[in-house]
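The values are calculated or read from the model by the stated rules, or taken from the named source; none is laboratory data. Just so it is clear, the model here is predicted, and its values are computed rather than measured. In this analysis, Cβ positions are derived from the backbone assuming ideal geometry, glycine residues included, and neighbour counts consider all displayed protein chains.
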Amino acid sequence: MLILTCPCCHVTAEETEFHAGGEAHLTRIGPGGSEGEFESYLFMRQNPKGVHLERWRHVYGCGKWFHLARDTATLHVYGAYSAQTTAPPDHIRTAIKDRHPDWRWQGEVNQ
Amino acid sequence: MSTRLATGGRLLNKSAPLSFSFNGKQMRGYEGDTLASALLANDQVLVGRSFKYHRPRGIVTSGPEEPNALMNLGQEGRFEPNARATTTELFDGLEAASQNHWPSLEFDVGAINKHLSRFLPAGFYYKMFMHPRPLWKHVYEPIIRHSAGLGKAPKAADADNYEHFYAFCDVLIVGGGVAGLQAALAAGQSGARVIVLEQSPHWGGRAPVDGGRIDGASVEDWIAQTLAQLRGMENVTLRERTMGAGVYDHGYVLGYERLRDHTPDAPGPRHCLWRIRAGHVITATGAIERPLSFAGNDVPGVMLASAVRDYVTNYAVSPGDRTVLVTNNDNAYLTAIALKHAGLDVPAILDARVLPQDSQLVAQAKALGIRVLMGQGVSSVQGSKRVTGVAVCSQAGEGAVLEEIACDAVAMSGGWSPVVHLWSHCGGKLTWDKARACFRPDQDHPPTGADGLGFVTPAGAAAGMFALDDVLHDAHAAAEGVATTLGFKPAREARSPVAERREEAPMSPVWQMPQGASVKLREKTFLDYQNDVKVSDVRLAAQEGFVSVEHAKRYTTLGMATDQGKLSNINGLATLAGALDAEIPSVGTTTFRPPYHPISMGAIAGDARGDTFQPIRRTPLCEWHEANGAVWEPVGQWRRPYAYVQSGESTHDAVMREVTNTRQNLGLLDASTLGKLIVRGPDAGRFLDMLYTNMMSTLKPGKCRYGLMCNENGFLIDDGVVARLDEQTFLCHTTTGGADSIHAHMEEWLQTEWWDWKVHMVNATEHYAQVAVVGPNARKCLEKLGGMDLSREALGFMEWTDGELGGFKVRVFRISFSGELSYEIAVEAGQGQAFWDALLVAGHSLGVMPYGTECLHILRAEKGFIMIGDETDGTVIPQDLGLNWAISKKKDDYLGKRAQQRSHMQDPNRWKLVGLETTDGSTLPDGAYALGRGENENGQKVVEGRVTSTYHSPTLDRGIAMGLVLNGPDRMGEVLTFPGTDGKTYEAMIVDPVFYDPKGEKQNV
């Protein structure tokens, strides 16, 4: 059972106090989107053995959604951040790269 | 014969004799006995029958790894199957019965299977029972079900109580042997909060049996001193009879405490499940001795060498007068020496090794006059229900018998396997230790916590350290290392104790005895006792291509029994590796999963049973309902009255009466459970336009609109009436079951997609009591209460207003889910009962009666109104239900709009909502399917529709139903056939779903 810290109310609690919401940073496709784009948005999800950016809700706490960077294999939590963003912030990327130097966020170019 | 020795027994209290029964036979034991030691003391060597071949089986071990001695314990509410005799503490009056035999343990009909064993090879069930298909259901399955399983399932409700206990510590130590105690001391002295769990009732593990000296004192004295020291430390908690059952993510550990298994009549809970959060876990879980693979190694009387030693030393039980020891290591010599010291005969030690010179223990055994045969092993064990002797052979050969030795017990040792289960549960990796021929924790790859660092450290034998001195040093170093990592400073006075060293010759792995055993011998060589898996089965699996260890496990069922292969796994892996001509580490292990040892279902459930299984939500009117004949229906976590039954009528009668009365006079419904979500803010209208399929932003304050909510897949998830309270505020009614999930759904979209929209939401469901006042007399009733104008002109259909009725502050919605003139009136929750009472008084002369949820269902079905969960099931879109009128064509977007444009959603062959009227007036069975023409490719009848709601309508005095039917709306008047599960076939005509008042005149008066 994971222990997570909510970035909104800063409470550290057990996994049962939270609700997992799947992959983070999806771009919603509405009317006008092609069949392929819509299928990808609705059904296609990453399933990595390793770094995963995911959505959680502090459902039995402050009720807020947030994002979490977590390694699905080692359960290492790199950090939690606001759900109200379209990309992981720099400090999260740095924390991930400390452990996984080759990891890149979508479209991020090697430096 | 096995018997009680006159002296010894370090764990026994011989001044406290106990009586117990086994298969109805009265026996005697002492306080401190386990059921296993007491059975052996009563010469009960045969204790059960094996699972597949029903072979006679005896006790093999003295601990939780026991595969054979499984018992049914107790009676009725205290009946428990599959209890291990080796971990069951004896108490006065204990009743045990052996399992898996018929008609009796001594004479068992199923034992015929052992003669058929060559016809029951690995994968037999998969091969045999595939074809023909019908035989499976009618012949094979009933037979297999009858003969499968070990213990019987309990029939009575559990008479005991169980509880959960939450605990927190810096260092959790699993295992109270000498390693665990030393680790606890070192960690405790650093100031860390320590919890130590020991599965047995005794501290010190098996070190006292194996003997030796620590810091100049006997092992037993050292344990007593260390325990006294630990008990004096406030930061150390010691719990015996508590097993570390599983290690989970981020340092979560379950402990399983057996509080009253040994004193069943004492007060308090029987088991306690410890839910522990530990900063770091030290697994001092010891090691388990491995059996040797020789023919007849399952005959009762063949035991692990360590178990024989335990029974002699701890319980003063002699498993046999003449015990032959067979080993590949020095450690087992301790057993021969212990037997000799107890005055028992050891005719020979068969040592598979050839040592260049005698080690300390070999010399000691020889000095006691024991015959040591080097390079020799067991060709086969003689005897069936009891060992009568062994045939000796050369280990290097194929089993040619050199001599036969008469004996009544065989003590075997194939080396030791560290208990790595808890290390492995959460992802700790293993490494193969070639010298000791065992898997031990790979400490470079521990299970990791939230910080990415390891949170489990093995110590002592669990880490692969077997010598007493190494064990203590390792445990001390591990604990100090862990404490330092956690920020504690090892105490200055802390030091690792020094134990006397014993020189041991290296062990030599033996995976098959003799090395070149023939097929005939291999077919009698058991790997997994509990599931009857033999060496020949594993070799066959390899031959048939099951080369992955996980596949071979499932194909042969090796390690899949209730002991999870504690004895068999390593021998099985080695056998598989041998058959594949591969190295053991490259074959790898199967996955270790919690719990380490079976734990009771009661402990898992804890308090969550009966009335406390889950919270019950009650409306403010609940007590009134209770007092007035309510039959309850659970709706989500709410309890709602299904109907109010009066004396002399059935529930069905009550429902019929309630419908008729509401249609003719006046009905009251407690609608308090309906979800009430307040959505407010400058962007509230825009937000609701995205959530509902209809346009909500154009709704005028004072008006109500029925709305549909879909998920992003396009499927209908909720419906309800939305009222606009003011320019910026909406009140959204949801279904009873949907209030919380729809609130969560709305929050999710607001917070994660449209987070810059200015909207705020509150779930006000429980703030109001809401009463539906329904029927032709509804207005009259409210006018009698007086206080506001509720005329057709003042408050039209689908309007709402605030006001005062009979002195109550109310909000009145003129909405109808029944087709009748209807007002839904909300008052503050605390006023609910008083308002309900006032309505009953005012309605007294108007024929007022409360009605329940079943009446509500019939009223809405007569009107063709859909119900979420009846007409919808997560695959239905609003268009299927003829609700296109509630889907805005003006909006560019709403949740589900894009999905509803997908080809499958636009398919003209989707089943659509219609009404169904049986040709003979009977009521259709719920969920029945309409038959189409012909059969599909699987030979099943084609179906073309199903019943979604069905009732007897007292208003129309006939069965009415709604259903989803292929091209239904275009097939009015057609008759469909519905086979029922009762053997009858029903015929129903497709009709309009609105059965009653199709023009909607009654609700609009």
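Just give me the residues in segment B:785-829 being β-branched (Val, Ile, Thr), part of a strand (DSSP E or B) and under 49 Å from the mean Cα position of the chain (by Cα), in sequence order. Quick ask: steps written out before the conclusion?
Restricting attention to segment B:785-829, the residues satisfying the condition of being β-branched (Val, Ile, Thr) are B:801, B:810, B:812, B:815, B:825, B:827.
Next, from what is left, pick out any that are part of a strand (DSSP E or B): B:801, B:810, B:812, B:825, B:827.
Listed by number, the residues that qualify are B:VAL810, B:VAL812, B:ILE825, B:VAL827.
Answer yes or no: is there a residue in segment B:884-895 that is farther than 30 Å from B:LYS784 by Cα, buried (at least 22 other Cβ atoms within 10 Å of the Cβ) and within 14 Å of chain A (Cβ to nearest Cβ). Looking through segment B:884-895, at least one residue is farther than 30 Å from B:LYS784 by Cα, buried (at least 22 other Cβ atoms within 10 Å of the Cβ) and within 14 Å of chain A (Cβ to nearest Cβ). If the condition is being free of Cβ contacts under 8 Å to residues at least 60 places away in the same chain and either within 14 Å of chain A (Cβ to nearest Cβ) or part of a strand (DSSP E or B) (or both), then segment B:442-470 contributes B:ASP444, B:HIS445, B:PRO446, B:THR448, B:ASP451, B:GLY452, B:LEU453, B:GLY454.
Here segment B:267-324 is the region considered, the condition is being out of contact with any strand residue (DSSP E or B) (no Cβ under 7 Å at 6 or more places or on another chain) and among the charged types (D, E, K, R), and the residue that is farthest from B:ASP33 (Cα to Cα) is B:ARG309. Restricting attention to segment B:193-224, the residues that are polar (S, T, N, Q) and touching a strand residue (DSSP E or B) at 6+ places or on another chain (Cβ under 7 Å) total 1.
Closer than 20 Å to B:THR660 by Cβ and touching a strand residue (DSSP E or B) at 6+ places or on another chain (Cβ under 9 Å), is that true of B:TYR951? Judged against the criteria, B:TYR951 is a match. Screening A:LEU26 against (1) assigned to a loop (DSSP other than H, G, I, E, B); (2) on the phi < 0 side of the Ramachandran plot; (3) touching a residue at least 24 places away in the same chain (Cβ under 8 Å); (4) aliphatic (A, V, I, L, M) leaves a single unmet condition, (3).
On the given criteria, is B:LEU931 touching a residue at least 60 places away in the same chain (Cβ under 8 Å) and of a type outside the set (Gly, Ala, Ser)?
For B:LEU931, the condition - touching a residue at least 60 places away in the same chain (Cβ under 8 Å) and of a type outside the set (Gly, Ala, Ser) - is not met.
Reported count of residues in segment A:1-23, each being under 14 Å from the mean Cα position of the chain (by Cα) and part of a strand (DSSP E or B), is 7.
Considering the conditions (1) within 14 Å of chain A (Cβ to nearest Cβ); (2) under 27 Å from B:ASP873 (Cα atoms); (3) of a type in the set (A, V, I, L, M), B:ILE815 is excluded by exactly one of them, (1). Within the option set A:VAL51, A:VAL59, A:VAL11, being on the phi < 0 side of the Ramachandran plot, touching a residue at least 40 places away in the same chain (Cβ under 8 Å) and at the interface with chain B (Cβ under 8 Å from one of its Cβ atoms) holds for one residue only, A:VAL59. Need a quick list: helices (runs of 4 or more DSSP H) entirely within segment B:273-380 having at least 3 residues that are within 35 Å of the chain's Cα centre (by Cα). Output list reads B:305-315. Checked against the criteria, B:LYS385 counts as surrounded by 16 or more Cβ atoms within 10 Å (Cβ to Cβ) and modelled with pLDDT under 95. When segment B:276-307 is filtered for residues that are under 30 Å from B:GLY454 (Cβ atoms), aliphatic (A, V, I, L, M) and in contact with a helix residue (DSSP H, G or I) (Cβ under 7 Å, 6 or more places away or on another chain), the ones remaining, listed by number, are B:ALA278, B:VAL281, B:ILE282, B:ALA284, B:ALA287.
Return yes when B:TYR692 is more than 28 Å from B:PHE808 (Cβ to Cβ) and under 40 Å from the mean Cα position of the chain (by Cα) and no when it is not.
Details: more than 28 Å from B:PHE808 (Cβ to Cβ): yes; under 40 Å from the mean Cα position of the chain (by Cα): yes.
Answer is yes for this residue.
Considering segment B:928-966, the residues that are modelled with pLDDT of 95 or more and outside any strand (DSSP E or B) include one that is surrounded by the most Cβ atoms within 10 Å (Cβ to Cβ), namely B:ALA928.
Looking only at segment B:21-53, count how many residues are part of a loop (DSSP other than H, G, I, E, B), touching a strand residue (DSSP E or B) at 6+ places or on another chain (Cβ under 7 Å), more than 23 Å from B:ALA411 (Cα to Cα) and not polar (S, T, N, Q).
Within segment B:21-53, residues that are part of a loop (DSSP other than H, G, I, E, B), touching a strand residue (DSSP E or B) at 6+ places or on another chain (Cβ under 7 Å), more than 23 Å from B:ALA411 (Cα to Cα) and not polar (S, T, N, Q) number 1.
Across segment A:65-88, a minimum of one residue is classified as in contact (Cβ under 8 Å) with a residue 40 or more places away in the chain, over 15 Å from B:THR752 (Cα atoms), assigned to a loop (DSSP other than H, G, I, E, B) and facing another protein chain (nearest Cβ under 9 Å). Contact map, segment B:635-648: residues that are of a type in the set (Val, Ile, Thr) paired with residues that are in a loop (DSSP other than H, G, I, E, B), Cβ distance under 8 Å, separation 6+ or inter-chain. Pairs shown: B:VAL635/B:THR673; B:VAL635/B:THR736; B:VAL635/B:GLY737; B:VAL645/B:GLY629. Using the structure shown, decide if B:ASN777 is within 14 Å of chain A (Cβ to nearest Cβ) and of a type outside the set (Ser, Thr, Tyr). So B:ASN777 fails the test.
Say whether the condition of being within 14 Å of another protein chain (Cβ to nearest Cβ) and not in a strand (DSSP E or B) is met by at least one residue in segment B:250-263. Within segment B:250-263 (the criterion being within 14 Å of another protein chain (Cβ to nearest Cβ) and not in a strand (DSSP E or B)), the answer is yes, since at least one residue qualifies. Note on segment A:29-48: residues that are assigned to a helix (DSSP H, G or I), within 8 Å of chain B (Cβ to nearest Cβ) and over 22 Å from B:SER741 (Cβ atoms) amount to 2.
On inspection, B:GLY428 passes the criterion of being crowded, with 21+ Cβ neighbours inside 10 Å, assigned to a loop (DSSP other than H, G, I, E, B) and under 34 Å from the mean Cα position of the chain (by Cα). Residues of segment B:826-840 that are surrounded by 19 or more Cβ atoms within 10 Å (Cβ to Cβ) and under 14 Å from B:CYS622 (Cβ atoms): B:GLY832, B:TRP836. Inspection of segment B:796-809 finds a residue satisfying the criterion of being buried (at least 20 other Cβ atoms within 10 Å of the Cβ), within 25 Å of B:VAL841 (Cβ to Cβ) and more than 14 Å from chain A (Cβ to nearest Cβ).
Looking only at segment B:672-683, decide whether some residue is more than 30 Å from A:LEU26 (Cβ to Cβ) and not hydroxyl-bearing (Ser, Thr, Tyr). Taking every residue of segment B:672-683 in turn, at least one turns out to be more than 30 Å from A:LEU26 (Cβ to Cβ) and not hydroxyl-bearing (Ser, Thr, Tyr). Looking only at residues in segment B:576-606 that are under 18 Å from B:LYS434 (Cβ atoms) and hydroxyl-bearing (Ser, Thr, Tyr), which one is surrounded by the most Cβ atoms within 10 Å (Cβ to Cβ)? Only one residue tops the list, namely B:THR589. I want to confirm something. Restricting to segment B:607-630 and keeping residues that are part of a loop (DSSP other than H, G, I, E, B) and more than 34 Å from the chain's Cα centre (by Cα), which single residue is surrounded by the fewest Cβ atoms within 10 Å (Cβ to Cβ)? For segment B:607-630, the residue satisfying everything is B:ASN628.
Sub-8 Å Cβ pairs linking a first residue in segment B:142-164 that is small (Gly, Ala, Ser) to a second residue that is modelled with pLDDT under 70, at least 6 apart or interchain, are B:SER147/B:GLY110, ordered by first then second residue.
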